[in-house]
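Notes follow once the structure below has been shown.
Every number here is computed from the coordinates shown, using simple stated rules; none is lab data. These figures come from a predicted structure and were not determined experimentally. Neighbour counts are summed over all protein chains in view; Cβ atoms, including those assigned to glycine, are modelled from backbone coordinates with ideal geometry.
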Amino acid sequence: MKYLFVIISTLSLLFSAFGQTPATQTDQYHKLAANVDLLPQNAIGRTLRDWLAAVNSGDGAAIAKFVESRFSANALRFQRSAAQFTEYFKKLHRQSGGLDVVSFTPAAGAGPTAMLVKARNGDAYARITAGMDRAEPEKLSGLGIDRARSPNASISTSRPAALTEKSVISDIEAHLAKSAAEGLFSGVVMIAKDDRVLLQNAYGFADREARIPNSLETKFHLASIGKMFTAAAIAQLVTAGKISFDDTVGKAYPDFPVPEIAQKITIRQLLTHSAGLGTFFESPGFKRGKVFRNAAEQIEVYKNEKLFFEPGTGWRYSNAGYALLAAIIEHHSGKTYPEYLRENIFRPLNMRDTYTAVPGAAEPGASVFYRQSPDDPMGIEPYDGDRDLAKGQVMGFGGGFSNAGDLFKFLRAYRTGKLLGKEMTEQLFSFSVNQDASGSRRSALGVVEYQVNGETIRGHVGGSRSEVEMLWNSGYTVIIMTNVQPPTVQAFSGPIIDLLTKQAALRTGSPPRIR
């Protein structure tokens, strides 16, 4: 019975699970979850159908049976135990009164499969993310549930005619203000066209308990946006002739303790996440809360981890790869990674509010990061404030704090060639690796590239809480920094970029050329 659905149809499996006849099961499907036809006829689609049937039944035994038979051993070991998943899904049923499918988004690049659902109690929405386990392909590797925005709450991007730039910005501003009033957005948004700032507003509270509002000076956690700093630092060392993008790790960092790996991996592969290294946080030597004196010490975390694929033959998002890049920066500069950035990037660009914390102390002026409780499926209970995040360590793969003004200085210097020179800046985009088979998103050297409405977008997301994007052809810059999650920062950046690119195309009479 373990893999019965491989041989028979999903409906037949559910007949068995709930003891119903085929005729009544079809009716039950529509009763338990509307719009299940939006889910694909593949392993993830079948599994999510069965999950919805179990959760919507409200039957603890049915939920437990699903969890025990359909989650992989790794999921039950690292995410939640079977008993914890069962109680979590039972609470989901109590909170929602049942779920109906609104939309389904297949996995793409680093993003997992996502399903938007609506609760039958009230007007609450949730985003379900899930994936199948590589070791057990017919079982879930995990399943996450986060509060989501109503699909009707987004900006209207379909307009019959072009709007003025002022009207577009006015629409965005009104939408953000409404989202903030509804408690869905807290943070800072900056939109510019070339050097001209069109919108810069702060919303919500930096500290809810102390009632300190967010301001344009408030600092937000950057997470993986810091990878852009790492790539820029590597590019500076290449320009100085100290290393080459095609150098092996063995040549660029002779002290790497695993020579057989060091001779296979190049700096270019580390930058494009194509080296086969792991996530750092799931690597064998990772210990939560450990403080490192430098990037060289961090090598202990991932040195014993086997490569996930032969370098250059695949793509896998890799924090460990960027931790190693930081060690290379330290080796060739004689400075710690944060010291190098401060002296060679932040200070020359007058970025006075980026990475200013003393090690072990909280970042001054940082917002408190609020997140949905892990035991609150629909996100309807008060969010938890994480005050330890402001004390987090800066690493080659991210972390640290900055504000929108400093990030705008960095992005303008990056884009115009002031930081790295135009020739080197172009080199960063001259080579990229597809994140998935479709090639819809690509990892260039330190940035992610994709297209929206014919426009080339280049930038990075940090932990779904901060995002910087450069609309490369039309000249727009979009910076969004949040301190409440969910919703994710992409829930706001996506519609804004869609509107900007559509309107740019309408005003010019044709989609922008891709360069």
How many angstrom separate the Cα center of the range 171-234 from the Cα center of the range 442-515?
-> 15
Out of residues 5 or more away from residue 148 or on other chains, whose amide H comes under 5 Å of its own, with H placed 1.01 Å from N in the peptide plane?
-> 125, 126, 127
Give me the percent of Cα-Cα pairs in the range 192-244 that sit more than 17 Å apart, rounded to a whole number.
-> 64
Residue exposure sequence - 228, 132, 351 - by fewest surrounding Cβ within 10 Å = 132, 351, 228
Classify the range 94-171 as rounded, prolate or oblate from the Cα gyration tensor: take a ≥ b ≥ c as the square roots of its eigenvalues, call it rounded if a/c is under 1.5, otherwise prolate when a/b beats b/c and oblate if not.
-> oblate
Along principal axes, largest first, the alpha-carbon spread of the chain in whole Å comes out as 73, 58, 49
Compute the whole-percent fraction of alpha carbon pairs in the range 120-256 spaced more than 28 Å apart.
-> 52
Do you know the relative contact order of the chain, to the nearest whole percent, from alpha carbon pairs under 8 angstrom that are 6+ apart?
-> 15
When only Cα pairs under 8 Å and 6 or more residues apart are kept, what is the percent relative contact order across the range 372-428?
-> 15
Jot down the per residue volume, in cubic angstrom and as a whole number, of the convex hull over the alpha-carbon atoms of the range 375-490.
-> 156
3J(HN,Hα) from dihedral phi, the range 432-438, Karplus parametrisation 6.51/-1.76/1.60, rounded to Hz, x for glycine, proline = 8, 10, 5, 7, 8, 5, 6
What ranking do 96, 170, 466 get, fewest neighbouring Cβ atoms within 10 angstrom at the top?
-> 170, 96, 466
In whole Å, what are the Cα extents of the range 41-110 along the three principal axes, biggest one first?
-> 32, 28, 19
Viscosity 1.002 mPa s, 20 °C: Kirkwood-radius Stokes-Einstein D of the range 402-468 over Cα pairs, µm²/s = 165
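If I take R0 = 25 Å and measure r between the Cβ atoms of residue 431 and residue 251 in this structure, what FRET efficiency does the formula 1/(1 + (r/R0)^6) give, to the nearest 0.05?
0.85
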Once you have all Cα-Cα distances for the range 305-445, histogram them in 5 Å bins from zero and send the whole-percent values.
-> 2, 8, 11, 15, 18, 16, 14, 10, 4, 1, 0
Count the DSSP beta bridges whose two residues both fall in the chain, then state the antiparallel fraction as a percent rounded to the nearest 5.
-> 95
Which three extents, in whole angstrom, do the alpha-carbon atoms of the range 317-373 cover along their principal axes, largest first?
-> 41, 31, 21
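Is there a pair in 242/409; 422/502; 118/139; 91/306; 118/391; 303/335 whose C-alpha atoms are over 30 Å apart, and which pairs would that be?
Pairs exceeding 30 Å: 91/306; 118/391.
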Check each of the GluC sites (Glu not before Pro) in the range 152-195 and keep only those in coil by DSSP with at most 16 other C-beta atoms within 10 angstrom; list them in order.
-> 182
Percent of C-alpha pairs per 10 Å bin, the range 428-515, short to long = 17, 47, 32, 5
Expected sort for 481, 395 with the fewest Cβ neighbours (10 Å cutoff) up front is 395, 481
Counting other Cβ atoms within 10 Å, keep those with at most 16, restrict to DSSP loop, and tell me which GluC sites (Glu not before Pro) in the range 272-371 are left.
-> 282
May I ask for the angle, rounded to the nearest 10°, between helix 404-416 and the longest principal axis of the chain, with both axes built from Cα atoms and the value confined to 0 to 90°?
-> 70
